[in-house]
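The values are calculated or read from the model by the stated rules, or taken from the named source; none is laboratory data. All of these numbers come straight from a predicted model, not from anything done at the bench. Cβ placement follows ideal geometry from the backbone for every residue including glycine, while neighbour counts extend to all protein chains displayed. Please note that ligands, DNA and RNA were not included when accessible areas were found on the heavy atoms of the full protein model with its side chains. Shrake-Rupley method; radii C 1.70, N 1.55, O 1.52, S 1.80 Å.
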Amino acid sequence: MADELDCALDLMRRMPPSMIEDNLAGLIDLVPHLTEHLLSAVDQPLKIAHDSASKRDYLLCDYNRDGDSYRSPWSNRYDPPLDDGAVPSAQLRSLEVHANEVFDIYRDLYFEGGVSSVYCWDLDTGFAAVILIKKTQDQSKKGQPMKGTWDSIHVIEVDDNRKSAHYKLTSTVMLTIETSTDSAGNVSLSGSLTRQAEQDFPVDQNNPHVSNIGRMVEDMELKLRTTLETIYFGKTKDIVNDLRQMVSVGLLRQRQNMQKQIGQQMTAGRAVQ
């Protein structure tokens, strides 16, 4: 089964990110016995649900799923209702509530909208948490033909040693941008990026777990955003410019000749001096 799972994951990495849900569904139809493994290993675009008890939106993922039900981080209840659903311990639930409040502020400051959710679960030597952020922007209604979606999934394992802790962070960002104009037609740019980081922090009243996790997530998202901007947008722009120039070849040659003449005149002027 390990070989089959490796091949399935390798296949998913080569499929278009914008069609990940359809491709995953088709792959599950081919190998139904790998369903649980594939759902837990393949990151999918986050979906939004509404908690009627707290009247707030929350995000769905494999980490807050139990069977066909999903747990809300605001009310700690499953929808559809589930009597024996997995929930964090009382102490960890208190940390989860605080983390949701903190990252809700973080989301508002950095994304100016969207939805965020934090889920925690107990481990033998500490705990683990997942921080989810989703922002969807649709400018087409304002006359600008542009749609975009940002999905952040940060999974962090905490090895708690009372006065200090070891944090292992695995972050994935999925980005999709679509535009449609009469001159350019339909253009879609999508991709995903995953990075890991490990760090040790002291744990005390001035440096609680939520603060330490927040610093790591903030630094990682800034790095991922810079990498996406450099790789996906910068590289795409370079490739497009190599394939198709914005100006005609004749005008480019005129500019090159002018630059050459200016350079020769500057060189000759220095020689006379």
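Side notes on the structure shown:
- With R₀ set to 35 Å, the beta-carbon distance separating Trp121 from Asp22 gives a calculated FRET efficiency near 0.75.
- Ratio Rg/Rh, restricted to segment 36-123 and using Cα atoms, in which Rh is the Kirkwood radius: 0.95
- Applying Stokes-Einstein at 20 °C and 1.002 mPa s to the Kirkwood radius of segment 110-195, computed over alpha-carbon pairs, gives a translational diffusion coefficient of 140 µm² s⁻¹.
- When the charge dipole of the chain is built from unit charges on Cβ atoms (+1 for Lys and Arg, -1 for Asp and Glu) and taken about the Cα centre, the candidate among Met216, Ser188, Leu5 whose Cα reaches farthest toward its positive end is Ser188.
- Whole-Å semi-axes of the ellipsoid equivalent to segment 13-69 (Cα gyration tensor, √5λ, descending): 25, 14, 8
- The angle between the Cα long axis of helix 209-228 and the longest principal axis of the Cα atoms of the chain comes to about 30 degrees, rounded to the nearest 10.
- For the chain, the longest principal axis of the alpha carbon atoms and the long axis of helix 90-111 meet at an angle near 20°.
- Helix axis angle, 2-13 relative to the chain longest principal axis, alpha carbon, degrees: 40
- Accessible surface of the chain, 1.4 Å probe, proportion on carbon and sulfur as whole %: 51
- Cross-link partners of Lys223 among lysines (Cα-Cα below 22 Å; sequence separation of 8 or more within a chain): Lys134, Lys135, Lys168, Lys235, Lys237
- Heavy-atom surface of the chain, accessible at 1.4 Å and reported per residue (Å²): 64
- A DSSP coil position with no more than 12 other Cβ atoms inside 10 Å describes the following GluC sites (Glu not before Pro) in segment 76-145: Glu112.
- Excluding the site residues themselves, the longest part of the chain lacking any trypsin sites (Lys or Arg not before Pro) in a DSSP loop with at most 13 other Cβ atoms within 10 Å is 56-161.
- Computed over the chain: relative contact order in percent, which uses C-alpha pairs under 8 Å that are six or more apart: 10
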